[in-house]
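The values are calculated or read from the model by the stated rules, or taken from the named source; none is laboratory data. Being a predicted model, the structure only gives us computed values, none of them experimental. Note that we place each Cβ from the backbone using ideal geometry, even for glycine, and neighbour counts take in every protein chain shown. Heads up: the accessible areas ignore ligands, DNA and RNA and are worked out on the full protein's heavy atoms, side chains in. Shrake-Rupley method; radii C 1.70, N 1.55, O 1.52, S 1.80 Å.
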Amino acid sequence: ADIRRGLMRMGSGARIGTGRDHDQPVIDEVISSATELARHRMGAIIAFEQDANLDEFVGSHKGTEIDAAVSSQLLVSLFVPEATNKLHDGAVIIRDLRIAKAGVFFPFTQGRVIDESFGSRHRAALGITEETDAVLVVVSEERGSVSFCFNGNIVSDLDGPRLRAALEGIFSPKKT
């Protein structure tokens, strides 16, 4: 597992598409949906796939193929907690600037979770980022807060501007 994790982390750097000009609208839509979901206390987990193919880590809950443009309206609708919406408990995977899948379940973290108030979405986000180079946005339905998870770390209680800074810091780092 350690060797696989190390190989998955190797690569050319964080990216979700072909460059900043193409990534920015996707980031905007994710921020818009995350803040809207948090405002209504609807839980969500949105994964930006990078070099590691997340399908290899989901086990038997591989989700439903979507293949749609990333939009705030679609993301919000995928997480509406209705009995008829079987996708709302799982994660959405964004791959190559498109919503690739919904209703995906990631493995929980194998490490110790410092904040006991973190629920299953946070534990799954930590778990997949311990194994891959994925970047995740998590919305807590209990707290109505947004978190950012990358490289086995989590930053909680983000508003829209702070989430934007975190995502842009990963996908569009400033050149010095």
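Add +1 for every Lys or Arg and -1 for every Asp or Glu among the other residues with Cβ under 9 Å from the Cβ of G144, and state the total. Provide the component values of the computation, followed by the final result.
Working: positive: R39, R41, R143; negative: E141, E142.
Here the charged neighbours net out to +1.
If you roll a 1.4 Å probe over the range 49-176 with all protein chains in place, what percent of the accessible area is carbon or sulfur?
Numbers: 3220 of 6190 Å².
Here carbon and sulfur together make up 52 percent of the probe-accessible area.
Is the range 85-176 best put as rounded, prolate or oblate by its Cα gyration tensor, with a ≥ b ≥ c the root eigenvalues, rounded for a/c under 1.5, and otherwise prolate when a/b is larger than b/c, oblate when not? Don't skip to the end; give the middle numbers.
Working: a/c = 1.41, a/b = 1.19, b/c = 1.18.
Cα axes put the range 85-176 in the rounded bin.
Whole number in Å², please: accessible area per residue of the range 53-147, 1.4 Å probe, ligands, DNA and RNA not counted. All intermediate terms of the calculation are to be shown ahead of the outcome.
Working: 4310 Å² over 95 residues.
Spelled out: the 1.4 Å probe surface of the range 53-147, per residue, equals 45 Å².
List the relative contact order of the range 66-176 as a percent without decimals, with contacts defined as Cα pairs under 8 Å and 6+ residues apart.
Values: 153 pairs, mean separation 15.8, N = 111.
That works out to 14 percent.
Calculate, in nm to one decimal, what F108 and V80 gain on full extension: separation in residues at 0.36 nm each, minus their alpha carbon distance. Intermediate results must be reported in sequence, preceding the final value.
On the way: separation 28, 0.36 × 28 = 10.08 nm, distance 2.25 nm.
Taking 0.36 nm per residue and subtracting the Cα distance, the gain is 7.8 nm.
State, to one decimal in nm, how far the label point of N153 lies from the label point of D96, with both points 7 Å from Cα in the Cβ direction.
Inter-label distance under the simple model: 3.1 nm.
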